[in-house]
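The values are calculated or read from the model by the stated rules, or taken from the named source; none is laboratory data. Note that the coordinates shown come from a computational prediction; the quantities given were computed from them, not determined experimentally. Note: ideal-geometry Cβ built from the backbone for every residue, glycine included; neighbour counts use all protein chains shown. All accessible areas refer to the heavy atoms of the entire protein, side chains included, with ligands and DNA or RNA removed. Shrake-Rupley method; radii C 1.70, N 1.55, O 1.52, S 1.80 Å.
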Amino acid sequence: QVQLVESGGGLVQAGGSLKLSCAASGDTICITAMGWFRQAPGKERELIATINSGGNTNYAESVKGRFTISRDNAKNTLFLQMNSLKPEDTAVYYCNADIPPPGTYYINGSYCRSDGMGYWGKGTLVTVSL
């Protein structure tokens, strides 16, 4: 089992900044990559940024140059630094952890007993006002 808890959301004016955090606990050895998604009212959930175990990152064009994803593996924490926020950034932001299909794996010297579930946090709301 993996548990994810997001924090750091809130109300900010356009042009401001926020830093989101996602604390992972449980079978964190099973996590191969993590990402941030967001869902605005009436819209589909969209991928914002990802980071894998090697530190490689990818960003959606809508946030490239403004948002930065990072992770602290020692603390099992994922971050999203959001700068130059726009009203269209208003959404619930979700943390995601990618794990292997069901089975037992040997990862970095430890055994991962994966249930194959896609794990999500409950989300944190970011509201950007004019």
Taking a straight Cα-to-Cα line shorter than 19 Å from LYS19, and setting aside same-chain lysines fewer than 8 residues away, one finds LYS64, LYS75, LYS86, LYS122
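Please label the shape of segment 47-109 as rounded, prolate or oblate, based on the square roots a ≥ b ≥ c of the eigenvalues of the alpha-carbon gyration tensor (a/c under 1.5 means rounded; beyond that, a/b larger than b/c means prolate, else oblate). It would help to have the intermediate numbers written out before the result.
On the way: a/c = 2.57, a/b = 2.12, b/c = 1.21.
Note, shape of segment 47-109 comes out prolate.
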The alpha-carbon center of segment 1-31 and that of segment 49-77 are separated, in whole Å, by 12
With the dipole of the chain defined by +1 on each Lys or Arg Cβ and -1 on each Asp or Glu Cβ, the option from SER21, TYR59, ILE48 whose Cα lies farthest towards the positive pole is SER21
Counting Lys and Arg as +1 and Asp and Glu as -1 over every other residue whose Cβ sits under 12 Å from the Cβ of SER53, the net charge comes to 0
The size of the Cβ-based charge dipole (Lys, Arg +1; Asp, Glu -1) of segment 1-72 about the Cα centre, to the nearest 20 debye, is 220
By the mean-Cβ-within-10 Å protection proxy, highest first, 103-109, 72-78 rank as 72-78, 103-109
Expected sort for 40-50, 90-100, 22-32 on mean C-beta neighbours within 10 Å, highest first, is 90-100, 22-32, 40-50
Segment 78-98 and segment 100-130 have their Cα centres apart by a whole-number Å value of 17
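What does the charge dipole of segment 21-130 about its Cα centre add up to, to the nearest 20 debye, if the Cβ of each Lys and Arg holds +1 and the Cβ of each Asp and Glu holds -1? Display every interim value, and only then the final one.
Values: 10 positive and 9 negative charges, 35 e Å.
The dipole magnitude comes to about 160 debye.
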Mean accessible area per residue over the chain (1.4 angstrom probe, all protein chains present, square angstrom) is 54
Taking Lys and Arg as +1 and Asp and Glu as -1, residues besides ILE107 with C-beta under 12 Å from its C-beta add up to 0
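Using a 1.4 Å probe over the heavy atoms of the protein chains, calculate the carbon and sulfur portion of the accessible area of segment 91-130 as a whole percent.
Numbers: 1320 of 2360 Å².
Here it works out to 56 percent.
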Lys and Arg at +1, Asp and Glu at -1: neighbours of MET34 with Cβ under 9 Å from its Cβ sum to 0
